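What follows is a short report on a single structure.
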Amino acid sequence: MTDWEPLLKPTLRSVGAYVPGESLDDLMARLGLTEIAKLNWNEGLWGPLPGVEQAVTDALDQVWAYPEHAFNALREAIAAHTPARAEQVLPAHGIQALIMTLVGAFVRSGDTVVVPVPTYGMYAQASRVAGATVETVPSPGLRIDLEAVAAAVRRTRARIAWICDPNNPTGARLEGDAWAAFLDAVGPECVVVADEAYADFVEPADRIRREDDVDAGRPVVILRTFSKIFGIAGLRLGYAVADPALLHYLDSVQEPFNVNRAALAAGEASLARPDALAARREENAAVRERFAARLADAGLHSLPSAANFVLVELGADDLELAERLARRGVLIRPGSEMGLPGWARITVGPEAMMQRAADELLAVRAELTAVPS
Ligand SMILES: Cc1ncc(COP(=O)(O)O)c(C=O)c1O
């Protein structure tokens, strides 16, 4: 038998093997469930926009051919629907792939990267695998402290600062003034990665226009995805917006033909429905606020969220509550997995699903907090 440990890179050995959670099929079989509300991974639960499934079907007769590697049609479509120019856009199979690409391009073993906590776990994970030291910066009141992040960047001479806005798992959004001051404070020697996976849930007029930072020559890389509001996580599609001079290098780190034909067709068709997108943004916000208000009426506080999820303070053991909810067919993300014991992150989806989730959550919480007679 091959002993893989000595062959692996030491950084990978110290990070440890990837431990996938229980698969959905295994979970359903274990609990004897036929239907599950999957509110644990922040996928876009409304699914693809109208016209997208047909576009994917239509692309299937071309699957014998490698995708057109410049991805021009998708880049043009993105440029038509965002302030980015086509040459500033780099498609990839999801933000996760782009995080690996950025780490591959910038992080050398022994470098430091700065990550506010709590946030999306992959920035730290990917950086550690590359041998980086991860400097974490606490977020008082669960809001990213940009001044403290900038101070950590300067103190450690960090290579990358990873900022998620709106942040996962809090749903909190950054202010434009604070962002501008942050870029000034960080200076030109640290790459600032802005993960905007959830920015599509924010009204366009309220978003920070980071394309202006890219145009101004700041060391900013924006990451976006089709996995959230566009509802096609299963097709794996995202993109970076950055200086074309940088994209040129990133392209040599990514594998060629990395975006498949079905995803390209789905991305273009998704961008062709700005009307349906705006309606979905409104619906998500309305359902989210109703869900949060229902929990608040029952005494459960959640943080104001700009995204398709809410972070709820449970007043109960989050792991136990999540397990009991799973047995009732509702999956949520326990806060303990994100350094927030006693909390849970709950994805927002269509109204009926959220009503059921609220019913079950409140019932399980009542079980857990009942005083034994
Ligand atoms: C902040 C953030 N970035 C990126 C991703 C993953 O995006 P993608 O599906 O494009 O890889 C997630 C998924 O949960 C996320 O929460």
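The values are calculated or read from the model by the stated rules, or taken from the named source; none is laboratory data. In this text the structure is predicted, and so the values were computed from the model without any measurement. Note that we place each Cβ from the backbone using ideal geometry, even for glycine, and neighbour counts take in every protein chain shown.
Which condition from (1) surrounded by fewer than 24 Cβ atoms within 10 Å (Cβ to Cβ); (2) in contact (Cβ under 8 Å) with a residue 24 or more places away in the chain is the one that PHE226 breaks?
All conditions pass for PHE226, except number (1).
Within the stretch 266-279, track down each residue that is of a type outside the set (Gly, Ala, Ser) and in contact with a helix residue (DSSP H, G or I) (Cβ under 9 Å, 6 or more places away or on another chain).
Those that are of a type outside the set (Gly, Ala, Ser) and in contact with a helix residue (DSSP H, G or I) (Cβ under 9 Å, 6 or more places away or on another chain): GLU268, LEU271, ARG273, PRO274, LEU277.
Which one is surrounded by the most Cβ atoms within 10 Å (Cβ to Cβ) among residues in the stretch 241-295 that are modelled with pLDDT under 95 and charged (D, E, K, R)?
That would be ASP251.
Give the residue that is nearest to the ligand (Cβ to nearest atom), with candidates limited to residues of the stretch 126-181 that are at positive phi and in a loop (DSSP other than H, G, I, E, B).
Taking the candidates together, the pick is GLY171.
Taking the stretch 289-300 only, how many residues are out of contact with any helix residue (DSSP H, G or I) (no Cβ under 8 Å at 6 or more places or on another chain) and either among the β-branched types (Val, Ile, Thr) or in a helix (DSSP H, G or I) (or both)?
Of the residues in that region, 5 qualify.
Give the residue, chosen from LEU314, LEU340, that is in contact with a helix residue (DSSP H, G or I) (Cβ under 7 Å, 6 or more places away or on another chain), of a type in the set (A, V, I, L, M) and not assigned by TED's automatic domain parsing to the domain that holds ASP200.
Testing whether each residue is in contact with a helix residue (DSSP H, G or I) (Cβ under 7 Å, 6 or more places away or on another chain), of a type in the set (A, V, I, L, M) and not assigned by TED's automatic domain parsing to the domain that holds ASP200 leaves just LEU314.
Evaluate the stretch 52-65: report whether one residue or more is exposed (fewer than 13 other Cβ atoms within 10 Å of the Cβ), within 22 Å of the chain's Cα centre (by Cα) and away from the ligand (no atom under 16 Å from the Cβ).
Among the residues of the stretch 52-65, not one is exposed (fewer than 13 other Cβ atoms within 10 Å of the Cβ), within 22 Å of the chain's Cα centre (by Cα) and away from the ligand (no atom under 16 Å from the Cβ), which makes the answer no.
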